[in-house]
Each structure stands twice: as C-alpha cells, then as structure tokens.
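Just so you know, all these numbers are worked out from the coordinates, no wet-lab data involved. This one's a predicted model, so the numbers in the text were calculated from it and none came from an experiment. All Cβ positions, even for glycine, are placed from backbone atoms using ideal geometry, and neighbour counts span all protein chains on display.
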Amino acid sequence: MSNVRKDKNNYYLDIAQTVAERSTCLRRLFGAIIVQNDEIISTGYNGAPRGRANCTDLMSCMREKLNVPRGQRYELCRSVHAEANCIISAPRTSMIGAVIYLAGLDGKTGELDGGVEPCSMCKRLIINAGLEKVIVRNTPTEYTVYNVSDWIEHDTSLDLNEGY
C-alpha cells in the first residue's frame, strides 16, 4: 500500500463517483456532493423524481429513442440532474461559499465520462444556491475547476450545447 495520500479534491470526487452509481439514468450516471468547510453537506444523483418510474425501471430513455444529442432537449428527460438533487437536499445557508463536486459515468460502459460541465439550468441553480466552485472529474486523477463567479460575469447561460 502506498503512503501517498490522495488530495482532497480527488477524495471528494471519488465519493461523487460512488454516488453516481445510484443513478437511474440509462445514458449517463452522475453523482454530486456539496462540501463546506471539509464536511459533506449533501449528495445527489440523477434520476426520476421521487415516486415516479425511473428509466432503469422502464428500460427506456426518450432522449435516446429520439437520438437527442447531449446537452439538448432536457424537457424530454425523466431525470432530475445530480446537481439539482444535491442542491434540493441542502440548506442554502450551508451552501454559500461551498464547493460542488461532480463525477459522471457512461451509462452503457460504466467508464468515467469526463470533460463535462453542468447544463445551463443546473448552472442557474448553482449560482442561486450560493456555491463558489464546481469541480468536475475528467480522469481518475484530473479534474476541472469552474469558478461560479465566471458564469455570472460572462453570463453563458444560453449556450445550448453545454452540459451533460
């Protein structure tokens, strides 16, 4: 066993990746955790709203059936995104200045699905929640850090090809 200690960002990204394994989406499995002052405030994964059938239960994905490209036509999706579920489960006072960690897996292969960023709707939720940073896993050891203040300053919320 190595004595090299894992850095904090990858530690939290590992946890977000484990949370993603609870996802009920057939296309993309995402997990998110919010961390404030080195404490996990909440977790979330993508799946249908409570009480409604999940895509894994139905063995069907409307966006997949219609060949909808990534980042488009979310109104056809049954799922609530991981970031949204994570934010819903946390008090705003605990989220102000916090970090949300996001990890995704391909629904068919289970392989890490890096190089993503939150969709425009989730960006709006992240901004309103008062989160300071978003850290997204790209590889088992590499990640991208997004400063939420940049999203506010550059107002990129209308980019239709962003997000997972």
Item checked: Positive dipole terminus of the chain, leading residue within 74, 143, 126 (C-beta point charges) -> 74
Next item on the list: Eight or more residues apart or on different chains, and alpha-carbon atoms under 28 Å: count the Lys pairs in the chain matching that.
Entry: 7
Checklist line | Total charge dipole magnitude, region 35-95, about the Cα centre, Cβ charges on Lys, Arg, Asp, Glu only, Debye to nearest 20 | finding: 360
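What does the charge count around residue 134 come to, taking other residues whose C-beta lies under 12 Å from its C-beta (Lys +1, Arg +1, Asp -1, Glu -1)?
So the environment of residue 134 carries a net charge of -1.
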Note to self: Ignoring everything except DSSP H segments at least 4 long, calculate the 222 nm mean residue ellipticity for the chain; use -39,500 (n - 2.57) per segment, divide by total residues, nearest 500.
What the structure shows: -7500 deg cm²/dmol
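What's the magnitude of the charge dipole for region 10-164 around its Cα centre, counting Lys and Arg as +1 and Asp and Glu as -1 at the beta-carbon? Answer in Debye, nearest 20.
Dipole of region 10-164, to the nearest 20 debye: 720 debye.
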Checklist line | Shape box of the chain [Cα atoms, principal axes, largest first, Å] | finding: 44, 44, 29
Notebook entry, point to check: Going by average Cβ neighbours within 10 Å, how do the peptides 87-97, 114-124 rank, with the highest at the top?
Noted result: 114-124, 87-97
Next item on the list: Show the residues, 5+ positions off or on another chain, whose built amide H is closer than 5 Å to the amide H of residue 117.
Entry: 163, 164
Next item on the list: Starting from the Cα-Cα distance between residue 56 and residue 6, subtract it from 0.36 nm times their residue separation and give me the gain in nm to one decimal.
Entry: 14.7 nm
Next item on the list: Along Cα→Cβ, 7 Å out, is where each label goes; now give me the distance between the ones at residue 154 and residue 106 in nm to one decimal.
Entry: 2.7
Notebook entry, point to check: For residue 14 and residue 88 in one chain, what is 0.36 nm times their gap in residues minus the Cα-Cα distance, to one decimal in nm?
Noted result: 24.5 nm
Next item on the list: Quote the FRET efficiency, to the nearest 0.05, computed for residue 75 versus residue 128 with a Förster distance R0 of 30 Å and r equal to the Cβ-Cβ distance.
Entry: 0.90
Margin query: Using Stokes-Einstein with the Kirkwood hydrodynamic radius over Cα pairs, what translational diffusion coefficient do you get for region 11-84 at 25 °C and a viscosity of 0.890 mPa s, in µm²/s rounded to a whole number?
Written below: 189
Margin query: Around residue 83, under 11 Å between beta carbons, what's the net of Lys plus Arg minus Asp minus Glu among the other residues?
Written below: +1
Next item on the list: Starting from the alpha-carbon convex hull of region 73-164, give the projected area averaged over all orientations, in nm².
Entry: 6.4
